[in-house]
Amino acid sequence: MKTRIRQQLSTPGETLRDKQLHPLRLSLRLAAGLLAVLGFTCAESSSARAADPRPTIRVRATNYTEATAATVSKAEREAGRLLGEAGLNVVWIDCPVGQSAAVASDPCQQPLEPTDIVLRVLPDRARNGVQDSAFGIAVLPVLASVYYEHAVSLARNDGAEFETPIILGFVMAHEIGHLMLGSNSHSDTGIMQGQWERKQVRQIMKGDLHFTAQQSKLIRAEGQTRMSLEATQLRTPSSVG
Ligand SMILES: [Zn+2]
């Protein structure tokens, strides 16, 4: 599977799909940057991202299951939309299973930075002791795992298997939510409820399950903290003599 990068901005309707890092596109960006420096761009088109106060995280996603690429992609879009609602931009990097031949520029093989999160879509056989009722698991601060078959069975119990990618996306957002909110971050309402049954699936399908205002605030703050950490690391020499 080829590495695929997709940027998801947090304002609905601004989603950029299947954004490939391509030399031509990079040089176009460079040209756009030069135009901005020279003052030839109109105010509206000059980099909205530069003025974007919302933090951005990168999620390296790997699918270890029989879920199709389309299912995972739709789930990622849904998770990105939910995190976007909370004020967090997400860049999705789809990584293949296993290490391919080392390519220095491959984002899947770069050292993890503070704004990087690793997301695994796992089959049930990889539970390794995690209870069957768990739809996912998060290991702070960087690793989120979601169980594909659990999303399938929630959708089946609701009598609608086509709901699987949506439910999987909500599970992704929940587990990434744990990474951003810290331990003990379950709540009685919203997407961070600890147990999902038919009622929660109904809320998902009606669009009634979200991060709370307080959780959204904490997610944005954690995103900012991670970005600051990364900026500090970039300024600090990686080794001293
Ligand atoms: Zn949870």
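A few remarks follow.
- Residues of segment 208-224 that are surrounded by 14 or more Cβ atoms within 10 Å (Cβ to Cβ), assigned to a loop (DSSP other than H, G, I, E, B) and out of contact with any Leu (no Cβ under 8 Å at 6 or more places or on another chain): Leu209, Thr212.
- Residue in segment 220-241 that is of a type outside the set (D, E, K, R) and within 15 Å of the ligand (Cβ to nearest atom) present: no
Residue-by-condition table, conditions (1) within 27 Å of Asp116 (Cβ to Cβ); (2) of a type in the set (S, T, N, Q); (3) at pLDDT below 95:
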residue: Ala160; (1), (2), (3): no, no, yes
residue: Asn184; (1), (2), (3): yes, yes, yes
residue: Gln215; (1), (2), (3): yes, yes, no
residue: Leu218; (1), (2), (3): yes, no, no
residue: Ala221; (1), (2), (3): yes, no, no
residue: Glu230; (1), (2), (3): yes, no, yes
residue: Gln233; (1), (2), (3): yes, yes, yes
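Quick grid of which residues meet (1) away from the ligand (no atom under 16 Å from the Cβ); (2) more than 15 Å from the chain's Cα centre (by Cα); (3) loosely packed, with under 12 Cβ neighbours inside 10 Å:
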site	(1), (2), (3)
Glu113	yes, no, no
Ala144	no, no, no
Val152	yes, yes, no
Glu163	yes, yes, no
Gly169	no, no, no
Glu175	no, no, no
Asn184	no, yes, yes
Val201	no, yes, no
Lys206	yes, yes, yes
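- Segment 187-207, residues that are part of a loop (DSSP other than H, G, I, E, B) and closer than 17 Å to Leu83 by Cβ: Ser187, Gly190, Ile191, Met192, Gln193, Gly207
- Residues (open to solvent by 40 Å² or more (accessible area, probe 1.4 Å) and within 12 Å of the ligand (Cβ to nearest atom)) located in segment 186-199: His186, Gln195
- Contacts under 9 angstrom Cβ, first residue in segment 167-185 being over 19 Å from Thr56 (Cα atoms) and among the polar types (S, T, N, Q), partner part of a loop (DSSP other than H, G, I, E, B) and away from the ligand (no atom under 11 Å from the Cβ), 6 or more apart: Ser183/Leu140
The values are calculated or read from the model by the stated rules, or taken from the named source; none is laboratory data. Everything numeric here is computed off the predicted structure, so don't read it as measured data. With ideal geometry, Cβ positions are generated from the backbone for all residues, glycine too; neighbour counts draw on all protein chains shown. When the accessible area is computed, the model is the full protein with side chains, heavy atoms only, and any ligands, DNA or RNA have been set aside. Shrake-Rupley method; radii C 1.70, N 1.55, O 1.52, S 1.80 Å.
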